[in-house]
Amino acid sequence: MRDEHLKFVSIGGFGHAVFVFDEILNKSQYELCGIAPAFENEDISHCLNHRVCKNVKKFEDYSEMIGIVRPDVVIISTRLDRIADLIIYAAENGCHIITEKPLALSLEKLEKVNLAVKNNNVKLAAMLTMRSEPCFIAAKHAFETGEIGRAALVNARKSYRFGDRPEWFGDIKQYGGTLGWIGIHAFDMIDFITGEKIVEVAAMKGNFCHQHRPACEDNCVVIFKFDNGGHGSVSVDLLRPDVTEVHGDDWIRIAGTKGIIEARASDRTCSIISQKKGQRAIKLPAASEIYTEFFESTIINGAVSALSEADPFMFTKVCLMCEKSCEKSMFLKINNEVS
């Protein structure tokens, strides 16, 4: 591996940027050189308060920041309607990108994002945090042994506390929808573990309890078909009681032709039952540093990594097709191309 110093800047003050900060903290080869809001009057204190930002220059204009710093990597973590334009701007300035998701709030904009990344020959990874969870890494390794055979039915769940959501979560033009913000993690989790591709979806969604944020659906459900002929479902809710010890309950069950794997992040477990070996718990590996792996393996050395193997363009497309299914109340087919 080449010893290469990477310069970073960060845009925005909402989302998972702090998880990236956690991984680059105290690593001398990575230098955060600037931070700026993504739009006028954006509160970026959430990011500024992280230890990695202690001596980092704050800019008021992200374009000025990129022009002065000329970073290798741009971290984008902001209001969801701003993500697509920021990816395009970063790509056109020759920067690699680590970004919040979804990548766009419309299929038309997603195609423009995809072309900008391809045409400027930059690397992009989305903040798909399920790939760092030990229980899902264990499930992936167990599935890849072939012990449970082919995936026939897959069920995934994302259940979060509603908590204190920003005001813009109530604006459909700025938020986009819960399937894109949270549901995308479930689609990534399914792909990460099984590798199966979704080719048809039907979805429904609603807001039962949080009318002060009307665009932020608190219950969503998707059923889908795999390209191998199997099926599955995803449920997403923001109904988890505040008294719970952890914020989220992430779970997946893969029913295969020879057995079943279940993994649950909230209690840090993974188990398998198969015709060949019976039922047992699977020992969990250590958590993975998916962001520094992406920087070192993919950006510096041009090799694969957990995040480079993900397809956030396709996961965004699946979420957008789910939104269309909700509007049209019908099944929709998905081709496995973005543009």
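The values are calculated or read from the model by the stated rules, or taken from the named source; none is laboratory data. Computed from a predicted structure; not experimentally measured. Using ideal geometry, Cβ is built from the backbone for each residue, glycine included, and neighbour counts are taken over all protein chains shown.
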* State which residue is nearest to Y175 (Cα to Cα) when the search covers only the stretch 66-89 and only residues that are touching a Gly at 6+ places or on another chain (Cβ under 6 Å) and either among the small types (G, A, S) or surrounded by fewer than 23 Cβ atoms within 10 Å (Cβ to Cβ) (or both). => S77
* Determine the pairs where a residue that is assigned by TED's automatic domain parsing to the domain that holds H247, located within the stretch 157-178, has a partner that is of a type in the set (A, V, I, L, M) and assigned to a strand (DSSP E or B) with Cβ atoms under 7 Å apart, the partner being 6 or more residues away or on another chain. => K158/V236; T178/V236
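Among the residues of the stretch 73-128, which ones are basic (K, R) and either within 19 Å of L307 (Cα to Cα) or touching a residue at least 60 places away in the same chain (Cβ under 8 Å) (or both)? Before the answer, list the steps.
The initial filter retains those residues of the stretch 73-128 that are basic (K, R), namely 79, 82, 101, 109, 112, 118, 123.
Matches in the stretch 73-128: R79, R82, K101, K118, K123.
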* Structure fact -> Taking the stretch 207-228 and keeping only residues that are surrounded by 17 or more Cβ atoms within 10 Å (Cβ to Cβ) and of a type in the set (F, W, Y), one is left with F224, F226
* Look at T244 and say whether it is modelled with pLDDT of 95 or more and surrounded by fewer than 17 Cβ atoms within 10 Å (Cβ to Cβ). => no
* For the subset of the stretch 141-164 comprising residues that are surrounded by fewer than 19 Cβ atoms within 10 Å (Cβ to Cβ) and assigned to a helix (DSSP H, G or I), which member is farthest from the chain's Cα centre (by Cα)? -> E144
* Asked: Do we have any residue at all in the stretch 312-330 that's over 16 Å from the mean Cα position of the chain (by Cα), assigned to a loop (DSSP other than H, G, I, E, B) and surrounded by fewer than 17 Cβ atoms within 10 Å (Cβ to Cβ)?
  -> yes
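Quick test for you: out of D72, D43, pick the one residue that is at pLDDT 95 or above and either touching a strand residue (DSSP E or B) at 6+ places or on another chain (Cβ under 7 Å) or within 19 Å of L128 (Cα to Cα) (or both). Working first, answer last.
Working: D43 fails: either touching a strand residue (DSSP E or B) at 6+ places or on another chain (Cβ under 7 Å) or within 19 Å of L128 (Cα to Cα) (or both).
Exactly one of D72, D43 is at pLDDT 95 or above and either touching a strand residue (DSSP E or B) at 6+ places or on another chain (Cβ under 7 Å) or within 19 Å of L128 (Cα to Cα) (or both), namely D72.
Can you spot a residue in the stretch 129-137 that is of a type in the set (G, A, S) and under 15 Å from the mean Cα position of the chain (by Cα)? It would help to see each step written out before you state the result.
Narrowing the stretch 129-137 to residues of a type in the set (G, A, S): 132.
Within this subset, residues satisfying the condition of being under 15 Å from the mean Cα position of the chain (by Cα) are 132.
For the stretch 129-137, residues of a type in the set (G, A, S) and under 15 Å from the mean Cα position of the chain (by Cα): present.
I'd like to check something: does the stretch 271-278 contain any residue that is among the β-branched types (V, I, T), surrounded by fewer than 17 Cβ atoms within 10 Å (Cβ to Cβ) and part of a loop (DSSP other than H, G, I, E, B)? Quick ask: steps written out before the conclusion?
Going through the stretch 271-278, the residues among the β-branched types (V, I, T) turn out to be 272-273.
Still in the running and surrounded by fewer than 17 Cβ atoms within 10 Å (Cβ to Cβ): 273.
Filter once more, so that each one left must be part of a loop (DSSP other than H, G, I, E, B): none.
No, that holds for no residue.
Take the stretch 229-282 and flag every residue that is polar (S, T, N, Q) and over 30 Å from P214 (Cβ atoms). Write out each step before concluding.
Going residue by residue through the stretch 229-282, those that are polar (S, T, N, Q) are 233, 235, 244, 257, 266, 269, 271, 274-275, 279.
Residues satisfying the conditions are T257, T269, S271, S274, Q275, Q279.
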* In the stretch 165-196, what residues are of a type in the set (D, E) and assigned to a helix (DSSP H, G or I)? -> E167, D188, D191
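How many of the residues in the stretch 262-299 are under 22 Å from the mean Cα position of the chain (by Cα) and among the β-branched types (V, I, T)? Quick ask: steps written out before the conclusion?
In the first step, residues of the stretch 262-299 are kept if they are under 22 Å from the mean Cα position of the chain (by Cα); the result is 262-270, 284-299.
Going one step further and asking which of them are among the β-branched types (V, I, T), we end up with 269, 290, 292, 298-299.
The number of residues fulfilling the criteria is 5.
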